[in-house]
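Q: One structure, as structure tokens, below. Some questions next.
The values are calculated or read from the model by the stated rules, or taken from the named source; none is laboratory data. Note that the coordinates shown come from a computational prediction; the quantities given were computed from them, not determined experimentally. Glycine also receives a Cβ, built like all others from the backbone with ideal geometry; neighbour counts cover every protein chain displayed.
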Amino acid sequence: MLWARTIERLGEAGAARLLALVAEGNKGGAALLALLKRDLGAVGLDSLLTEVNKLNDVRRLGLPEELFADCSEKLMDAWRERAIKMYLSDSRDTAEDVRITLLAVLCSSWQAEITDALRDLLIALVQKINARAE
């Protein structure tokens, strides 16, 4: 089962960090989840720094690189869609093993998306600088 394998690979400390994101009264975790859901702003230094901070915040969760290496993309997409649709209160009402897996899938996919967004943002910034230089 996906959740048992995920929890085993995360370890107790990794699972605890994910659960802390949705813990009752943890405004920092809720703020991080809300920040991660936001789209890029206009191309510029501010949006670049925001994305770098988001990536650092996700990396601090310490998700193993190979956490979902043996999972199909279709399965990961299904779990990600389920996690995105959940409110914090829904998450707290979900069984802990499923909650951890949903958060791990979500944060893992965000880490990849933020990395891709940073690459695209850097390219756009370089193009913008080149256009101004000309």
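Q: Would you mention how many residues in the stretch 41-70 are out of contact with any Lys or Arg (no Cβ under 6 Å at 6 or more places or on another chain), surrounded by 15 or more Cβ atoms within 10 Å (Cβ to Cβ) and within 14 Å of residue 6 (Cβ to Cβ)?
A: 2
Q: Please enumerate the residues belonging to the stretch 10-23 that are assigned to a helix (DSSP H, G or I) and under 15 Å from residue 102 (Cβ atoms).
A: So in the stretch 10-23, the residues assigned to a helix (DSSP H, G or I) come out as 10-21.
Once the filter is applied, which keeps residues that are assigned to a helix (DSSP H, G or I) and under 15 Å from residue 102 (Cβ atoms), the stretch 10-23 yields 10, 14, 15, 17, 18, 19, 20, 21.
Q: Exactly one of (1) assigned to a helix (DSSP H, G or I); (2) modelled with pLDDT of 90 or more; (3) not polar (S, T, N, Q) is unmet by residue 64. Its number?
A: (1)
Q: Condition first: modelled with pLDDT under 80, outside any helix (DSSP H, G or I) and either farther than 30 Å from residue 124 by Cβ or of a type in the set (D, E, K, R) (or both). Now tell me which residues in the stretch 24-60 satisfy that.
A: Within the stretch 24-60, 24, 25, 26, 38, 39 meet the criteria.
Q: Oh, and also: From (1) assigned to a helix (DSSP H, G or I); (2) aliphatic (A, V, I, L, M); (3) over 15 Å from the mean Cα position of the chain (by Cα); (4) loosely packed, with under 15 Cβ neighbours inside 10 Å, pick out the condition that doesn't hold for residue 112.
A: For residue 112, the failing item is (3).
Q: Identify all residues within the stretch 41-60 that are hydrophobic (A, V, I, L, M, F, W, C) and either on the phi > 0 side of the Ramachandran plot or more than 14 Å from the chain's Cα centre (by Cα) (or both); write none if there are none. Full working, then the answer.
A: Restricting attention to the stretch 41-60, the residues satisfying the condition of being hydrophobic (A, V, I, L, M, F, W, C) are 42-43, 45, 48-49, 52, 55, 58.
Answer for the stretch 41-60, where residues must be hydrophobic (A, V, I, L, M, F, W, C) and either on the phi > 0 side of the Ramachandran plot or more than 14 Å from the chain's Cα centre (by Cα) (or both): 42, 43, 45, 48, 49.
Q: Whether any residue in the stretch 89-101 is under 30 Å from residue 132 (Cα atoms), in a helix (DSSP H, G or I), at pLDDT 90 or above and touching a Leu at 6+ places or on another chain (Cβ under 8 Å) is what I want to check. Full working, then the answer.
A: First pass over the stretch 89-101, keeping only residues under 30 Å from residue 132 (Cα atoms): none.
Checking the stretch 89-101: not a single residue is under 30 Å from residue 132 (Cα atoms), in a helix (DSSP H, G or I), at pLDDT 90 or above and touching a Leu at 6+ places or on another chain (Cβ under 8 Å).
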